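Notes for the one structure printed next.
The values are calculated or read from the model by the stated rules, or taken from the named source; none is laboratory data. What you are looking at is a predicted structure, and each value in this text was computed from that prediction instead of being measured. Here Cβ is always computed from backbone atoms with ideal geometry, including for glycine, and neighbour counts include all displayed protein chains. The accessibility values were calculated without ligands, DNA or RNA, using every heavy atom of the protein model including side chains. Shrake-Rupley method; radii C 1.70, N 1.55, O 1.52, S 1.80 Å.
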Amino acid sequence: MTSLKWWQSAVFYQIYPRSFADGNGDGIGDFIGITQKLDYLKDLGVDALWLSPHFPSPNWDCGYDISDYTGVAPEYGTLEDFKNFLSESHKRNLRVILDLVLNHTSDEHPWFLESKSSRDNPKADWYVWMDAPPNNWQSCFDGEAWTYVPERNQYYYHYFMKQQPDLNWHNPEVKQAMWDAVHFWLDLGVDGFRLDAIGTIYEDPGLTPHNVPMNLAELRRFSELAQTDEEKKLKDRYWADMFKNQWGQPGTHELMKELRAILDEYEGDRMLVGEDDNIAYMGNGSDELHLVFNFPLMRTEHITPGHIRQNQTERLQQLNALSNKGWPCNTLGNHDCSRIYSRFGDKLHDTELARLNVALVLTLKGTPYLYNGEEIGMTDYMLTDISQVRDTMGSWYYHAIVTDMGVHPEEAMIRTAEMTRDKNRTPMHWSNKPNAGFSPDGVETWLPINPNYREGINVWEQEQNPASLLNYYKRLLKVRKSSSALIEGEYTPLHENAQDYFAFLRISENQTALVILNYSENRLDLDFSNVKGAKDKTLYTLFSSAVRSTASHKAEKLTIAPFEVFIAEVAS
Ligand code: NOJ
């Protein structure tokens, strides 16, 4: 196969370290645990791992508030444990990328402690300080974006929680310190970075206030209660307007170019993927980020053939318009949003839809990203008591609506359970033993284990069952790996008016694959005799989620079962 770079053909798997595998039995995931599961990951068939932050952190935002950029959080292990994990991953040909949080540090980072200590210390200008709040900006997590510090008699800016002060990226020393950390991990051999919240690095220099007639808590509440189309549109507009001066500001492209140049100094095609869907962050296609996520694909209530087609047309057009052509990157879930199984299910055909949706991510053109636990169909878990909440954005909201808006605590808890990201971060289910085999029996895990691990949603039971979701993932990943069309082929949509199903070709130099995803409960009789390049109009099955009696099919009369995923090689 091909001249593609490793990060173009790889399937990435996101590990949320706190919840993946607890190697030392303290109720929290760690590097010993992750390393023990590398054979599992290899066997699953993924090629690269993205680790959510593993750095020392007071955990106000589950590791996204970093207090040491070159360390390892003690609860996850030591730097030696990390190095061992990295070398064991590489031995198995699994690449590893880390999470790089550029916009902010923890308020316990020594840089901030120094910066806040006086107005004239050497790091006085490393964060964004003002004598008084210059505007009504909100933090997207916890209310006012400006927080007072008595030592300086000044306010600092934070886009996220007050425990996550924004760095002042206009200061060259900040840049240098962060680039030193980047070198540290690249020198150790990591294969790249996922860049957190890059859109928020710079703010509007004019500090223009927002014009939304409410604060963050009120807007969240307004959004929850929005019923009519008009209210829903209004809340979308308010969200966009509230933060429009706090992200997407000039300066980021230059910064991404600098970072890219650092990675390019290293051998091994180190890569950058941005937590942003803006293709502009790929520069000309080879001078900024290697990838940005296709978030618009998942920004919908239902995955439908029409939505996918429109998304692909727009996305691929934009990527192809870059002078060096950008490469797509598809995902349907991560640690910040509802789990795929819950979010895109319809309560009647959740398993079928989960199977269709992963097939979608693995067959569309581009690099797929999977999120740990989705391969066994883990679902959202709704917490019932505020004392269980670990996502501080959730506990902040609970207290804001109970205290400031008089919402009844019971209702507030239901709302909090829905909005908090804890629901999609509960520990991985390794078996049907107590604590789902994540931690030893009797240990209190950092977030509760979803009790549905006893209902077959666990790795051990699914490994025994050939028909399980886990084995389905493995089969699909294997098919993808052996198909040049699925890895590198161009995308051509077919039957573009179909409502029930999404059909398309992936065409590489040596292979044409036809993919049909039937998103309906109808049996379909389809005619693909016009498929380009199909000489004798025969389709050879590469994969089917249904039971098929023959391996080859006539293109002019193809029957597709309800909710079937069908992938075939087109005879040429
Ligand atoms: C995006 C991360 O994915 C999210 O988990 C985090 O809370 C924010 N950025 C702040 O770092």
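Each row is one residue, and each column tells you yes or no for (1) of a type in the set (S, T, N, Q); (2) over 19 Å from residue 187 (Cβ atoms).
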residue: 65; (1), (2): no, yes
residue: 70; (1), (2): yes, no
residue: 85; (1), (2): no, no
residue: 97; (1), (2): no, no
residue: 108; (1), (2): no, yes
residue: 113; (1), (2): no, yes
residue: 116; (1), (2): no, yes
residue: 120; (1), (2): no, yes
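Do we have residue 548 as open to solvent by less than 20 Å² (accessible area, probe 1.4 Å), within 28 Å of residue 43 (Cα to Cα), among the basic types (Lys, Arg) and outside the structural domain of residue 378 (by TED's automatic domain parsing) here?
No, not satisfied.
Kindly check whether there is at least one residue in segment 392-411 that is touching a residue at least 60 places away in the same chain (Cβ under 8 Å) and within 17 Å of the chain's Cα centre (by Cα). No; the residues of segment 392-411 include none that is touching a residue at least 60 places away in the same chain (Cβ under 8 Å) and within 17 Å of the chain's Cα centre (by Cα).
Is segment 10-22 home to any residue that is open to solvent by 30 Å² or more (accessible area, probe 1.4 Å), at pLDDT 95 or above and more than 20 Å from the chain's Cα centre (by Cα)? No.
Residue-level check: of (1) under 30 Å from residue 484 (Cβ atoms); (2) more than 16 Å from the ligand (Cβ to nearest atom), residue 75 misses just (1).
Could you list, in sequence order, the residues of segment 499-518 that are assigned to a loop (DSSP other than H, G, I, E, B) and out of contact with any helix residue (DSSP H, G or I) (no Cβ under 6 Å at 6 or more places or on another chain)?
If we filter segment 499-518 for residues that are assigned to a loop (DSSP other than H, G, I, E, B), which is where we start, we get 499-500, 508-511.
Result: 499, 500, 509.
With respect to the conditions (1) within 16 Å of the ligand (Cβ to nearest atom); (2) in contact with a Phe, Trp or Tyr (Cβ under 8 Å, 6 or more places away or on another chain); (3) at pLDDT 95 or above, residue 428 falls short on a single one, namely (1). Taking the numbered list (1) more than 16 Å from the ligand (Cβ to nearest atom); (2) among the small types (Gly, Ala, Ser); (3) part of a loop (DSSP other than H, G, I, E, B) in turn, residue 177 passes all entries but (3). Residues of segment 221-261 that are assigned to a helix (DSSP H, G or I) and open to solvent by less than 40 Å² (accessible area, probe 1.4 Å): 221, 223, 238, 241, 242, 243, 252, 255, 256, 259, 260.
Among what's in segment 87-108 and is away from the ligand (no atom under 16 Å from the Cβ) and open to solvent by less than 10 Å² (accessible area, probe 1.4 Å), pick the residue that is nearest to residue 169 (Cα to Cα). Taking the candidates together, the pick is 96.
Given 372, 324, 320, which one is crowded, with 17+ Cβ neighbours inside 10 Å and either within 16 Å of the ligand (Cβ to nearest atom) or closer than 26 Å to residue 276 by Cα (or both)? Reasoning before the result, please.
Details: 324 fails: crowded, with 17+ Cβ neighbours inside 10 Å; 320 fails: crowded, with 17+ Cβ neighbours inside 10 Å.
The conditions single out 372.
Of (1) within 16 Å of the ligand (Cβ to nearest atom); (2) open to solvent by 30 Å² or more (accessible area, probe 1.4 Å); (3) of a type outside the set (S, T, N, Q), residue 26 satisfies all except one. Which? Every listed condition holds for residue 26 apart from (1). Looking across segment 125-157 at every residue that is outside any strand (DSSP E or B) and under 11 Å from residue 203 (Cβ atoms), the one that is nearest to the ligand (Cβ to nearest atom) is identified as 145. For segment 352-363, the criterion of being part of a loop (DSSP other than H, G, I, E, B) and more than 23 Å from residue 487 (Cβ to Cβ) is met by no residue.
Just give me the residues in segment 353-370 being in contact with a Pro (Cβ under 8 Å, 6 or more places away or on another chain) and farther than 16 Å from residue 44 by Cβ, in sequence order.
So in segment 353-370, the residues in contact with a Pro (Cβ under 8 Å, 6 or more places away or on another chain) come out as 361-362, 364-367.
Across segment 353-370, the qualifying residues are 364, 365, 366, 367.
Evaluating residue 362 against the criteria (1) under 18 Å from residue 98 (Cβ atoms); (2) buried (at least 20 other Cβ atoms within 10 Å of the Cβ); (3) not acidic (Asp, Glu) leaves one unmet condition, (1).
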